[in-house]
């Protein structure tokens with residue numbers, strides 16, 4: 001009688017219903033396996049804990065997170081302060097040893113350039129002779145000196161200004 005109204009044989013209807021039933025059964029098995037895995041994970045998470053101990057664990061972790069955030073903020077401020085102070089510290093060094101009067105040997109004289117980040121600083125020139133040691137200092141502003149520089153002083157200054165390009 002169904003065949004008459006629908007125009008489909010009952011065998012096809014039964015096969016279709018059987019296919020849908022099998023498909024639904026497969027979906028049911030997949031859901032059961034996933035639910036079993038979820039319950040297993042939940043039991044592992046809750047093992048030995050009740051609501052009070054679970055809340056204490058969560059609160060303890062939240063306190064740790066708050067501490068880490070405040071420590072990180074303090075570290076960031078400290079690092080910023082260190083960088084600010086580092087700009088004025090002598091960071092670049094150039095040293096040239098030489099024999100000033102060509103009479104003693106051993107290269108006991110030297111020119112020492114000390115510069116900060118923006119190439120401000122000074123050059124110390126110590127010339128050693130048999131009569132004594134003479135020390136001079138020349139101020140460096142933005143990589144230049146108002147007073148004329150000797151060759152050794154220029155070399156020390158260039159060495160200091162190219163200090164970071166080597167790294």
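Which angle from 0 to 90°, rounded to the nearest 10, does the C-alpha axis of helix 10-46 make with the longest principal axis of the chain?
In the chain, helix 10-46 runs at an angle near 40 degrees to the longest axis.
Between residue 90 and residue 134, how high is the FRET efficiency from 1/(1 + (r/R0)^6) when r is the Cβ-Cβ distance and R₀ = 35 Å? Nearest 0.05.
0.95
Tell me, how many Å apart are the Cα centres for the range 108-151 and for the range 10-59?
81 Å
Kirkwood hydrodynamic radius of the range 65-157 from all distinct Cα pairs, in Å?
Across the range 65-157, the inverse of the average 1/r is 15.6 Å.
Once you keep just the Cα pairs under 8 angstrom separated by 6 or more residues, what percentage relative contact order results for the range 38-126?
19 percent
What is the packing order of peptides 146-158, 32-44, taking the mean over residues of other C-beta atoms within 10 Å and listing the highest first?
The most tightly packed comes first, giving 146-158, 32-44.
So what's the Cα pair-distance distribution over the chain, bin width 5 Å, in %?
1, 7, 9, 8, 7, 6, 5, 4, 4, 4, 4, 4, 4, 5, 5, 5, 4, 4, 3, 3, 2, 2, 1, 1, 1, 0, 0
At R0 = 30 Å, how high is the FRET efficiency between residue 80 and residue 161 if r is their beta carbon distance? Nearest 0.05 is fine.
0.70
Using the Kirkwood radius built from alpha carbon pairs, what does the Stokes-Einstein equation give as D for the range 11-84 at 20 °C and 1.002 mPa s, in µm² per second?
121 µm²/s
In nanometres, what is the gap between the two model label sites at residue 11 and residue 124, each 7 Å from Cα along Cα-to-Cβ?
Each label point is offset 7 Å from its Cα along the Cβ direction, giving 10.9 nm.
Taking 2.2 N^0.38 Å as the expected size of a compact globular protein, what ratio does the Cα radius of gyration of the range 120-167 give against it, to two decimals?
Taking the Cα Rg and dividing by 2.2 N^0.38 Å, one obtains 1.28.
Got the relative contact order for the range 92-166 handy, in percent, Cα pairs under 8 Å and 6 or more residues apart?
RCO, the range 92-166: 34 percent.
May I ask you to compute the full-extension gain from residue 101 to residue 29, defined as 0.36 nm times their residue separation minus their alpha-carbon distance, rounded to one decimal in nm?
Going from the current span to full extension adds 16.2 nm.
Compute the long axis of helix 51-86 from its Cα atoms, compare it with the longest principal axis of the Cα atoms of the chain, and write down the angle in degrees, 0 to 90, nearest 10.
Approximately 30 degrees, to the nearest 10.
Percent relative contact order of the chain, based on C-alpha pairs within less than 8 angstrom and at least six residues apart?
This gives 15 percent for the chain.
Relative to the longest principal Cα axis of the chain, at what angle does helix 151-161 sit, 0 to 90 degrees, rounded to 10?
10 degrees
A short reminder: the numbers here are calculations on the coordinates, not readings from a lab. These numbers were taken from a predicted model, which means no experiment stands behind them. Quick reminder, even Gly has a Cβ in these numbers, built from the backbone with ideal geometry, and neighbours come from all protein chains shown.
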